[in-house]
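A short write-up of the structure that comes next.
The values are calculated or read from the model by the stated rules, or taken from the named source; none is laboratory data. On a predicted model such as this, the values are computed, not experimentally measured, just so you know. Here the Cβ positions follow ideal geometry from the backbone for every residue, glycine too, while neighbour counts run over all protein chains shown. These area figures cover heavy atoms from the full protein model, side chains too; ligands, DNA and RNA do not enter into them. Shrake-Rupley method; radii C 1.70, N 1.55, O 1.52, S 1.80 Å.
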Amino acid sequence: MLFSGGRRKKHIANPQTDLYAHALQFYGQPPLENISLSEFETFAVDRLKLLKTVENLGVSYVKLSEQYTKKLENESKNLNFPHRLDIDDRKSQNAPNEYEKRRKDYISHFILRLAYCQTEDLRRWFIQQEVDLFRYRFSDLQPKQKLEFLHRNNLQYDTISIEEKKTLLDKLVNSSYGVSGITVEDQDFYKVPFQDALDLVRTRKVYLKAGYVYIPHQDIVTIVLNDFRTRLSKALALTARSLPAVHSDERLQPLLNHLSHAYVGQDYSIQKNVGKISLEQIDSLSGKSFPLCMRQLHQALRENHHLRHGGRMQYGLFLKGIGLSLEQALQFWRSEFIRGKVDADKFDKAYAYSIRHMFGKEGKRADYTPYSCMKVILSNPPSQGDHHGCPFRHSDPELLKQKLQFYKVPPSGISQIMELVKGMHYQLACQKYFELTHNIDDGSFSLNHPNQYFIESQKALGGGKDLKKEMDMSQRSQENSAARRPAAAREAAANTSQDLVEMTEDLDSFFQDG
């Protein structure tokens, strides 16, 4: 991708336009055309707004539900990205408006690759939102368009014939989720090599015969999403290798750094509320204001007087985020561990270092941030004897139900939570748990962080005014810090494009509102 200071000239047909021939893409080849800095900035900010909307809708509504689809379609339309792909993909690629939408979508994806390939957390967030956006777009295609997309991207999966379908009717009905004899006749089945559908084979959702699985039309998206996720993950790893060259360009580095800092808003790493929480309050707060993941960690610690490394990291960083100082944390963990099989001397030798390391006082002195919901859900799952992770994602359904009953969640509420868990809507399940335990009909926020849960709980209970004020100050401090850059780079960026200042101010405003 090349950059110029001027405005882009009117589109003239060239081989590059083949990249924008379709509204749904795997983004295989990077664009090579000239692009102005003004477009670079606009495209990047608009796509980040779209991905942030995808994230917020994903924790507020069931994915692909009517409300989710309608709101995402409206946002795509407002930001001039492709929407209603079942209609758009039939239109001529040379139609100016459709061409511009597809061009913007394609280029903006590659711009954000530059910003989001830098760390594991950034890559994880970017991949998840892009996969969700792809899922929405793929589901919007007609069956014929889906088959064309598969063949266009070398996913040579063909539908089985009517005769073969009749022969395998009983097998397909018995092995496919949500399929009856009537629906088998009305929908297509794809014959796919089993190694391309291991997730479906593992969960026994498809019929397997002679090395091939027979996948109902509604489940083919699983195969496509896995392929897209794999391709994008590899592409981000390759993009990371080019970062030194990108960072040497003083026109781009400030914007890319700002984009990467803005993706999730507050990370609860800057402690302005140190000392607001006393050690004596933790037991009480765990029952009232801790999310279920932290509540179960606290309970396991009190019962066993020990937590393994994964649990100590997840719970320790959460406690740091709500206001425990290093001295309080050392006192808290020592007092609990010495009640078990660890004496004070062993604690100081084996565990105190890791706590100081967590606060950035040892080792490489990195100031670790509390885990977000996404990191808790997607990180290493707990094994036997572990208590970390997300209860809605990692707990056995029956054990989760018993836990919710123990915490006095009403039966009707448990049913609602279990339905969300069954649909793999883990953050929605946690938000429903918040609403039920706080007697709130509809939370006015999209939950994406355990420390956010704590703050919203304190607000709802009337005890979090000071905490909320301190956290707001913390967020502004982080945003100001992210916006700072060396004077030379700032001057160079200003000379190149004054629009950068305005664009990043708009970005700040958007994410503060979000």
Lone unmet requirement of (1) part of a helix (DSSP H, G or I); (2) out of contact with any Asp or Glu (no Cβ under 7 Å at 6 or more places or on another chain) for Leu232: (2)
Looking only at the stretch 51-99, and only at residues there that are buried (at least 19 other Cβ atoms within 10 Å of the Cβ), touching a Phe, Trp or Tyr at 6+ places or on another chain (Cβ under 7 Å) and among the hydrophobic types (A, V, I, L, M, F, W, C), the one that is modelled with the highest pLDDT: Leu72
Residue that is modelled with the lowest pLDDT, among those in the stretch 232-254 that are closer than 21 Å to Leu133 by Cα and of a type in the set (A, V, I, L, M): Ala237
Selected residue (criterion: modelled with the lowest pLDDT) from residues of the stretch 268-291 that are assigned to a loop (DSSP other than H, G, I, E, B) and of a type in the set (Lys, Arg): Lys272
Residue list for the stretch 174-204, restricted to those being open to solvent by 80 Å² or more (accessible area, probe 1.4 Å) and either touching a strand residue (DSSP E or B) at 6+ places or on another chain (Cβ under 9 Å) or at pLDDT 90 or above (or both): Asn174, Tyr177, Phe194
Residues satisfying the stated conditions in the stretch 304-334, i.e. in a helix (DSSP H, G or I), of a type in the set (S, T, N, Q) and out of contact with any Leu (no Cβ under 8 Å at 6 or more places or on another chain): Asn304
Within the stretch 149-173, tally of residues that are assigned to a helix (DSSP H, G or I), out of contact with any strand residue (DSSP E or B) (no Cβ under 9 Å at 6 or more places or on another chain) and open to solvent by 100 Å² or more (accessible area, probe 1.4 Å): 5
Counted residues, the stretch 28-48 - those being crowded, with 19+ Cβ neighbours inside 10 Å and within 21 Å of Glu98 (Cβ to Cβ): 3
Odd one out for Gly423, checked against (1) crowded, with 20+ Cβ neighbours inside 10 Å; (2) touching a residue at least 40 places away in the same chain (Cβ under 8 Å): (1)
Selection status of Val376, touching a residue at least 60 places away in the same chain (Cβ under 8 Å), open to solvent by less than 20 Å² (accessible area, probe 1.4 Å) and β-branched (Val, Ile, Thr): yes
Which numbered condition Glu362 fails, given (1) at pLDDT below 95; (2) not in a loop (DSSP other than H, G, I, E, B): (2)
Single match in Gly323, Gly265 (criterion: buried (at least 20 other Cβ atoms within 10 Å of the Cβ), touching a Gly at 6+ places or on another chain (Cβ under 8 Å), modelled with pLDDT under 95 and of a type in the set (Gly, Ala, Ser)): Gly323
Within the stretch 307-327, considering residues that are touching a helix residue (DSSP H, G or I) at 6+ places or on another chain (Cβ under 6 Å) and of a type outside the set (Ser, Thr, Tyr), the one farthest from Ile355 (Cα to Cα): Ile322
Test set (1) of a type in the set (S, T, N, Q); (2) more than 22 Å from Lys361 (Cα to Cα); (3) modelled with pLDDT under 95 - Asn304 fails condition number: (3)
Number of positions in the stretch 437-463 that are farther than 16 Å from Arg295 by Cα and assigned to a loop (DSSP other than H, G, I, E, B): 12
